[in-house]
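Asker: My questions will all concern the structure given below.
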Amino acid sequence: MRQSTLLNKAWWFKVGFDVPDVDSMQEENYNSVTLPHTVRELPLNYFHETDYQGLFCYQRLLTSKDLRERKAGQRVMLDFEAVMTYAEVYINGQLMISHKGGFTPFSVDITSALVDQGINRITVVVDSTERPDIPPFGGQIDYLTYGGIYRDVHLRLVDPVSIKNIKIETQQTLARVKGVRVQAMLQDSLHLDEVVAVKFELLDNENTMLAETLVNGYSNQILDAEFSNLIDLQLWTPEQPVMYQIRCTLASSTSNDIYSDRFGFRTAEFTTEGFFLNGKKFKLVGVNRHQSWPYLGYAVGNRAQRHDADLLKFEYGMNTVRTSHYPQSKAFIQRCDEIGLLVFEEIPGWQHIGDAEWQEQAIVDVQDMIERDWNSPSIILWGVRINESPDSSAFYRRTNELARRLDPTRQTGGVRCIESSEFLEDVYTMNDFIHSGDNILLRDPMTVTSLAHQVPYLVTEYIGHMYPTKRFDQEERQHEHVMRHLKILDHMFADPVISGAIGWCFFDYNTHKDFGSGDRICYHGITDMFRLPKHAAYAYQSMLSPAVKPVLHPVTVWARGERSISGAMPLLVVTNCDYIEFQYGDQQVRRVYPDRDTFPNLPHAPVLLDQRSIDPAELGEWGLAWASLSLRGFVNGKQVVETQFAADPVPTQVLLTADDYELSAEHKELTRITIAGVDQVGNIMPYWNPVVNLSVTGPGRIVGPKQIALNGGMIGSYIETSLSVGDIVVTAAIEGFAQQQIIIEVR
Ligand code: GAL
């Protein structure tokens, strides 16, 4: 029976690599580290992208304690979830595997190199340079790929015959009577070619067994099982993402093994009439996501990964995410499965196609991505082109053919930015950056494809570099930023052919010098690097039903002189309410309805307060008194939300919050803290940027600087646990204000 344990603790790390390192360790050159690990912690911006690139060496001793559960004859496997970018794994000086590519998992059987008695040395040599033989490198890419063993490593003990992977396909998914087909891929490490029996069980989410079947075969085979006549099983939907499980139990004369994976019953189909989820038309609304964080790059652990999925769905109201431009962590995808967030996953790349060896690696990436994630119900499309690359007929015929062969249940897409590109996929996925403020919002699909007929069509990026906007930018720019997001979404909702639109992008990200604002940041997010919202984030939040969360978000700092020529009109109020009431100072209350003239197609149109609802002169002129503002939102005639702005905001309170107040001591975990300065009515003060002194006691540390400044009225930071139990007390102090303290319990 397999035993799989995390092997994240007790590693040693050094910068650089010398050949003798594979079989020895000079302790003074190494630091003790816990995985996930980044080879170099970085400043927030203005660093050099080669700072984290180079050769690095990780070591770990495998002791008899690590292997105490090992039964006679068992194989010892190391499973790496990802190492950026190239890794060589040695055991006691012997090279066991070399692996190219920083986004996909790999496993290595280290049994043959282990010494039975005594201690075994694992050495992982990591090359985090942008090697031109490995996608996405060879050209210049608009993102950074931070080096290190940045995802989990597992130690797996298995019998000689084990289950390597299973593939689960649902059948008659939408019918009352459903079926499931399962394939179990066996691993016969010693080529025993023996008789095996595999019990396949179908379980519900509470682990209740619903059906079982026994299949006999040989250890070198793929075994097939079918469940039919399944009734009363529920669909996986974004609202109720019901999951089931397949558990396979293998028995042979030498081996026993158990392998399970989760899945859901759902259909996903892109058609010329849009996207259909479970047979119903469904507009995809979402953003592109990188997997990077301030300071730590990629090495944040699973809690932070999951938190991103939660933010997208619950906080920002989206139903879809694209894992631009590579497969992202299993923890993120699994969270998307659990919460019903749809995923477009794609292979690593960015504009450049390399030589034959490079292309072979991209083919391997297609296979590794699909075989890792084919049971995830959240994934609705495989991206099998290099993002925004030119046409490459032979190469893309292969990626498409492979994806369809491995997974006939999902369509392929391939993201491009050129028109009339060769259409080899099932879905024409287009980055449409046509809109520049006063022209068309999105291209017409037929013009883009140049085909004589409609094809399934999805917009996979928009806005991004066409309108970079900082969270602390001036109000008029923020207004325009939000308007562009809303207008493009409105257009997408109106066009029956367009399946959906996925904006560029979730959060600002560190990038190469050739992109971004010169400080190594692309300010393209609807949130900043800490995932703190810009006004545009509320454009998406307003898609939520008011029953889930009433949204009333005015895009303003509410001041007489913030905008050119002065005044706060037109005032965009992003909302999902039926109407709002507006009161300036003690003037009369005005009821204003969503602007259906400008936004006829959005599920919830914003309110645009302009001369149609209020004469700007009524707010007075330059030099006259400025008054407070009160806004109330109504649904079904009832007030559900209210917001106010003071005419004379003054710093009143410092708020310190954490995303999590309970963390686990089992793993290294990361949680975000947020420090905000608010005025007398509780609003963030966008131009209050005092210094914050952060400190912690207990089993954790502050990631990044301990002295930071609010930026745009708030700032994020991170607390990382240190594997001990206790209370982390976090203190934030701003001179002149009561210091704030929170306690994060580590269990
Ligand atoms: C796209 C690209 C993205 C990002 C974006 C900026 O062309 O696919 O990765 O660079 O532009 O707007």
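Asker: State all residues of the stretch 16-68 that are within 29 Å of GLN3 (Cα to Cα), touching a helix residue (DSSP H, G or I) at 6+ places or on another chain (Cβ under 9 Å) and of a type in the set (Gly, Ala, Ser); if no residue qualifies, say none.
Answerer: None; the set is empty.
Asker: With the condition being closer than 30 Å to ASN216 by Cβ, touching a residue at least 40 places away in the same chain (Cβ under 8 Å) and among the aliphatic types (A, V, I, L, M), I'd like the strands (runs of 3 or more DSSP E) fully within the stretch 256-316 carrying at least 1 qualifying residues.
Answerer: On the way: elements: 256-263, 268-271, 274-277, 284-288.
Correct list: 256-263.
Asker: Residues of the stretch 666-678 being open to solvent by 10 Å² or more (accessible area, probe 1.4 Å) and either outside any strand (DSSP E or B) or farther than 30 Å from LEU552 by Cβ (or both), which ones?
Answerer: The answer is GLU666, HIS667, LYS668, GLU669.
Asker: Only one of (1) surrounded by 13 or more Cβ atoms within 10 Å (Cβ to Cβ); (2) aliphatic (A, V, I, L, M); (3) within 29 Å of LYS487 (Cα to Cα) is not met by ALA617, so which one is it?
Answerer: (1)
Asker: State yes or no: is ARG612 modelled with pLDDT under 95, open to solvent by less than 50 Å² (accessible area, probe 1.4 Å) and basic (Lys, Arg)?
Answerer: On the way: modelled with pLDDT under 95: yes; open to solvent by less than 50 Å² (accessible area, probe 1.4 Å): no; basic (Lys, Arg): yes.
Considered against the rule, which asks whether it is modelled with pLDDT under 95, open to solvent by less than 50 Å² (accessible area, probe 1.4 Å) and basic (Lys, Arg), ARG612 comes out as no.
Asker: Among residues belonging to the stretch 517-548 that are open to solvent by less than 30 Å² (accessible area, probe 1.4 Å) and small (Gly, Ala, Ser), point out the one that is farthest from the ligand (Cβ to nearest atom).
Answerer: SER542
Asker: Please go through the stretch 594-604 and give me each residue that is touching a Pro at 6+ places or on another chain (Cβ under 8 Å) and in contact (Cβ under 8 Å) with a residue 60 or more places away in the chain, ordered by number. Spell out how you get there, then give the answer.
Answerer: The initial filter retains those residues of the stretch 594-604 that are touching a Pro at 6+ places or on another chain (Cβ under 8 Å), namely 594-595, 599, 604.
Correct list: PHE599, HIS604.
Asker: Sort out which residues of the stretch 97-111 are closer than 25 Å to GLY73 by Cβ and open to solvent by 50 Å² or more (accessible area, probe 1.4 Å), and write them in order of number.
Answerer: Hit for the stretch 97-111 is SER107, nothing else.
Asker: If you don't mind, there's one more thing I want to ask. Among the numbered criteria (1) more than 16 Å from the ligand (Cβ to nearest atom); (2) among the small types (Gly, Ala, Ser); (3) open to solvent by 10 Å² or more (accessible area, probe 1.4 Å), which single criterion is violated by SER376?
Answerer: Unmet condition: (3).
Asker: Restricting to the stretch 442-451, and then to whatever is under 28 Å from the mean Cα position of the chain (by Cα) and buried (at least 19 other Cβ atoms within 10 Å of the Cβ), can you tell me which residue is nearest to SER499 (Cα to Cα)? Can you show your working first?
Answerer: Keep residues of the stretch 442-451 that are under 28 Å from the mean Cα position of the chain (by Cα), which gives 442-443, 445.
If we keep only those that are buried (at least 19 other Cβ atoms within 10 Å of the Cβ) as well, we get 442, 445.
Values: LEU442: 13, PRO445: 11 Å.
That would be PRO445.
Asker: Right, another one. Can you give me the number of residues within the stretch 462-476 that are open to solvent by 40 Å² or more (accessible area, probe 1.4 Å), outside any loop (DSSP other than H, G, I, E, B) and either away from the ligand (no atom under 12 Å from the Cβ) or more than 25 Å from ASP308 (Cβ to Cβ) (or both)?
Answerer: 1
Asker: Quick one: is HIS479 in a helix (DSSP H, G or I), on the phi < 0 side of the Ramachandran plot, open to solvent by 10 Å² or more (accessible area, probe 1.4 Å) and more than 16 Å from the ligand (Cβ to nearest atom)?
Answerer: Working: in a helix (DSSP H, G or I): yes; on the phi < 0 side of the Ramachandran plot: yes; open to solvent by 10 Å² or more (accessible area, probe 1.4 Å): yes; more than 16 Å from the ligand (Cβ to nearest atom): yes.
So HIS479 passes the test.
Asker: Do you know which residues across the stretch 680-705 are in a loop (DSSP other than H, G, I, E, B) and either over 27 Å from the mean Cα position of the chain (by Cα) or closer than 16 Å to THR657 by Cα (or both)? If you could, list the steps in order and put the result at the bottom.
Answerer: Our first condition is that a residue be in a loop (DSSP other than H, G, I, E, B); within the stretch 680-705, this holds for 680-683, 685-690, 698-699, 704-705.
GLN680, VAL681, GLY682, ASN683, MET685, PRO686, TYR687, TRP688, ASN689, PRO690, GLY698, PRO699 - these are the residues of the stretch 680-705 that are in a loop (DSSP other than H, G, I, E, B) and either over 27 Å from the mean Cα position of the chain (by Cα) or closer than 16 Å to THR657 by Cα (or both).
Asker: Could you list, in sequence order, all residues of the stretch 452-461 that are of a type in the set (A, V, I, L, M) and either crowded, with 24+ Cβ neighbours inside 10 Å or near the ligand (Cβ under 9 Å from one of its atoms) (or both)? Before you say what the answer is, go through the steps one by one.
Answerer: Of all residues in the stretch 452-461, those of a type in the set (A, V, I, L, M) come to 452, 455, 458-459.
Correct list: LEU458, VAL459.
Asker: When you scan the stretch 686-712, how many residues do you find that are hydrophobic (A, V, I, L, M, F, W, C), within 18 Å of GLN741 (Cβ to Cβ) and open to solvent by less than 60 Å² (accessible area, probe 1.4 Å)?
Answerer: Going residue by residue through the stretch 686-712, those that are hydrophobic (A, V, I, L, M, F, W, C) are 688, 691-692, 694, 696, 702-703, 708-710.
Next cut, within 18 Å of GLN741 (Cβ to Cβ) only: 691-692, 694, 696, 702, 708, 710.
Remaining after also requiring open to solvent by less than 60 Å² (accessible area, probe 1.4 Å): 692, 694, 696, 702, 708, 710.
Number of matching residues: 6.
Asker: Give just the number: which of (1) among the small types (Gly, Ala, Ser); (2) without any contact (Cβ under 8 Å) to a residue 40 or more places away in the chain; (3) under 27 Å from GLY633 (Cβ atoms) does SER542 not satisfy?
Answerer: (2)
Asker: Conditions first: (1) closer than 30 Å to LYS164 by Cβ; (2) assigned to a loop (DSSP other than H, G, I, E, B); (3) open to solvent by less than 30 Å² (accessible area, probe 1.4 Å). TYR58 passes all but one, so which condition is the exception?
Answerer: (2) is the only condition that TYR58 fails.
Asker: Let me ask you something else. Look at ASN205 and say whether it is under 27 Å from LYS330 (Cβ atoms) and not aliphatic (A, V, I, L, M). If you could, list the steps in order and put the result at the bottom.
Answerer: On the way: under 27 Å from LYS330 (Cβ atoms): yes; not aliphatic (A, V, I, L, M): yes.
Against the criterion (under 27 Å from LYS330 (Cβ atoms) and not aliphatic (A, V, I, L, M)), ASN205 qualifies.
Asker: When VAL321 is evaluated against the numbered criteria (1) among the hydrophobic types (A, V, I, L, M, F, W, C); (2) within 16 Å of the ligand (Cβ to nearest atom); (3) assigned to a helix (DSSP H, G or I), which criterion, by number, is the only one it fails?
Answerer: (3)
Asker: In addition: For the stretch 107-184, list the strands (runs of 3 or more DSSP E) that sit wholly inside it and hold at least 1 residues that are within 16 Å of the ligand (Cβ to nearest atom) and touching a helix residue (DSSP H, G or I) at 6+ places or on another chain (Cβ under 6 Å); which are they? Give the derivation first.
Answerer: Details: elements: 120-127, 153-158, 161-171.
So the answer is none; nothing clears 1.
Asker: Got a number for residues in the stretch 482-494 being away from the ligand (no atom under 15 Å from the Cβ) and open to solvent by less than 30 Å² (accessible area, probe 1.4 Å)?
Answerer: Taking the stretch 482-494 and keeping what is away from the ligand (no atom under 15 Å from the Cβ), we get 482-483, 486-487, 489-494.
With open to solvent by less than 30 Å² (accessible area, probe 1.4 Å) added as a condition, the list becomes 482-483, 486, 489-490, 492.
Count: 6.
Asker: Find the residue count for the stretch 504-516, including only residues that are within 20 Å of the chain's Cα centre (by Cα) and more than 10 Å from the ligand (Cβ to nearest atom).
Answerer: Count: 4.
Asker: Out of everything in the stretch 381-434 that is among the hydroxyl-bearing types (Ser, Thr, Tyr) and touching a Leu at 6+ places or on another chain (Cβ under 8 Å), what residue ends up being farthest from the ligand (Cβ to nearest atom)? I'd like the intermediate steps shown before the answer.
Answerer: Restricting attention to the stretch 381-434, the residues satisfying the condition of being among the hydroxyl-bearing types (Ser, Thr, Tyr) are 389, 392-393, 396, 399, 409, 412, 420-421, 428-429.
Now narrow it down to the ones that are touching a Leu at 6+ places or on another chain (Cβ under 8 Å): 393, 396, 412, 428-429.
On the way: SER393: 21, TYR396: 17, THR412: 18, TYR428: 16, THR429: 11 Å.
So, considering only residues that are among the hydroxyl-bearing types (Ser, Thr, Tyr) and touching a Leu at 6+ places or on another chain (Cβ under 8 Å), the one farthest from the ligand (Cβ to nearest atom) is SER393.
Asker: For TYR46, work out the one condition from (1) open to solvent by less than 90 Å² (accessible area, probe 1.4 Å); (2) touching a Lys or Arg at 6+ places or on another chain (Cβ under 8 Å) it doesn't fulfil.
Answerer: Condition not satisfied by TYR46: (1).
Asker: Just wondering, is there one or more residues in the stretch 331-350 that are open to solvent by less than 40 Å² (accessible area, probe 1.4 Å), free of Cβ contacts under 8 Å to residues at least 60 places away in the same chain and within 24 Å of ARG397 (Cβ to Cβ)? First the steps, then the outcome.
Answerer: Step one: filter the stretch 331-350 for residues open to solvent by less than 40 Å² (accessible area, probe 1.4 Å), giving 331-333, 336-337, 339-350.
In the following step, the residues that additionally are free of Cβ contacts under 8 Å to residues at least 60 places away in the same chain were identified as 331-333, 336, 343, 345.
Of the ones still in play, those that are also within 24 Å of ARG397 (Cβ to Cβ) are 345.
Yes: the stretch 331-350 contains one or more residues that are open to solvent by less than 40 Å² (accessible area, probe 1.4 Å), free of Cβ contacts under 8 Å to residues at least 60 places away in the same chain and within 24 Å of ARG397 (Cβ to Cβ).
Asker: Regarding ARG397, is this residue out of contact with any helix residue (DSSP H, G or I) (no Cβ under 9 Å at 6 or more places or on another chain) and either at pLDDT below 95 or basic (Lys, Arg) (or both)? Give the steps one after another, and end with the answer.
Answerer: Values: out of contact with any helix residue (DSSP H, G or I) (no Cβ under 9 Å at 6 or more places or on another chain): yes; either at pLDDT below 95 or basic (Lys, Arg) (or both): yes.
Spelling it out, ARG397 is indeed out of contact with any helix residue (DSSP H, G or I) (no Cβ under 9 Å at 6 or more places or on another chain) and either at pLDDT below 95 or basic (Lys, Arg) (or both).
The values are calculated or read from the model by the stated rules, or taken from the named source; none is laboratory data. Please read all numbers here as calculations on a predicted model, not as lab measurements. Heads up, the Cβs are rebuilt from the backbone with ideal geometry, glycines too, and the neighbour counts pull from every protein chain shown. Just so you know, the surface numbers come from the protein's heavy atoms only, side chains and all, with ligands and any DNA or RNA stripped out. Shrake-Rupley method; radii C 1.70, N 1.55, O 1.52, S 1.80 Å.
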